[in-house]
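Trainee: First the structure, then my questions, so here it is.
Values in this text are rule-based calculations from the coordinates and carry no lab data. Remember, predicted model here, so these are calculated numbers, not experimental data. Every residue, glycine as well, gets a Cβ built from its backbone with ideal geometry; the counts of neighbours run over all protein chains shown.
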Amino acid sequence: MAGDWVFGYGSLAAEAHDGYVTALAGHRRRWGVAMDNARDLPGYKWYRLCASGERPRGVVAFLDVVAGRGAVNGVCLPVDAGELRRLDARERNYERVEVTELVAEARGRVWAYVGSAAGRARLAAGLRDGRALVSREYLDDVEDGFRRLGDEQLAAYRASTDPPPPGCAVVALERVDLP
């Protein structure tokens, strides 16, 4: 075993061009974190409604993993120290934790990004206030990523993923990246 890997179970898996398919034991995938769509953060993003161009002032939810029965399928991607730093900045609603012992056939040290307390609290507040959204494009991109891995992986993704929580609308959003 050598080198560092990141276990991707959502957008990282969907973007994977390298690595190997595996599973994270003792976890379930759910819509568990959110970003505040009303805040501009340098180097980050916000979303507007495709239909109107309006910027919704709610929160946008993303996938997370939590302890649970079964396993979550995904892709282990090789990373170096620089890539880990870039991912740490990109995945600002998450915390990087070592999960090597939970990954089938780990080929080195394996990290996963799990929802931060702040990211999870943002989603909880958005759900409570009726202001939580899921990007249709994000949802479709993740599912398409697992579809590219084959029918078995798509079925495993669907079986290990909870639907968006009640009150969390799935809408067409356009991502706007900030400098």
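Trainee: With each label point set 7 Å from Cα along the Cα-Cβ vector, what nm distance links residue 38 and residue 124?
Mentor: 2.0
Trainee: Please compute one quarter of the surface area of the Cα convex hull for the range 1-92 and express it in square nanometres.
Mentor: Spelled out: convex hull of the Cα atoms, projected over all directions, averaged, 7.7 nm².
Trainee: For a quick check: sort 27, 17 by the number of other beta carbons within 10 angstrom, fewest at the front.
Mentor: So the ranking, lowest neighbour count to highest, is 17, 27.
Trainee: Could the peptides 149-158, 66-75 be put in order, highest first, of the mean number of other beta-carbon atoms found within 10 Å of their residues?
Mentor: 66-75, 149-158
Trainee: Whole angstrom only: what separates the Cα centroid of the range 11-27 from the Cα centroid of the range 87-122?
Mentor: The range 11-27 and the range 87-122 have Cα centres separated by 12 Å.
Trainee: As a check on your grasp of the helix formula, calculate [θ] at 222 nm for the chain: sum -39500 (n - 2.57) over DSSP H runs of n ≥ 4, divide by the residue count, round to the nearest 500.
Mentor: Computed mean residue ellipticity for the chain: -8000 deg cm²/dmol.
Trainee: To continue, here is another question. Report relative contact order for the range 4-177 in percent, whole number only (criteria: Cα-Cα under 8 Å, sequence separation at least 6).
Mentor: 35
Trainee: Which helices pass in the chain if a helix is a full DSSP H run, must span at least 15 angstrom along its long axis by Cα, and must have mean Kyte-Doolittle hydropathy not below 1.6?
Mentor: Helix filter hits for the chain: none.
Trainee: Hey, another quick one. Along its three principal axes, how long is the chain when you only count alpha carbons? Whole Å, largest extent first please.
Mentor: If we take the Cα atoms of the chain, the spans are 49, 33, 28 Å.
Trainee: Just subtract the alpha-carbon distance of residue 90 and residue 152 from 0.36 nm times their residue separation and send over the number in nm, one decimal.
Mentor: Stretched fully, the residue 90-residue 152 segment lengthens by 19.4 nm.
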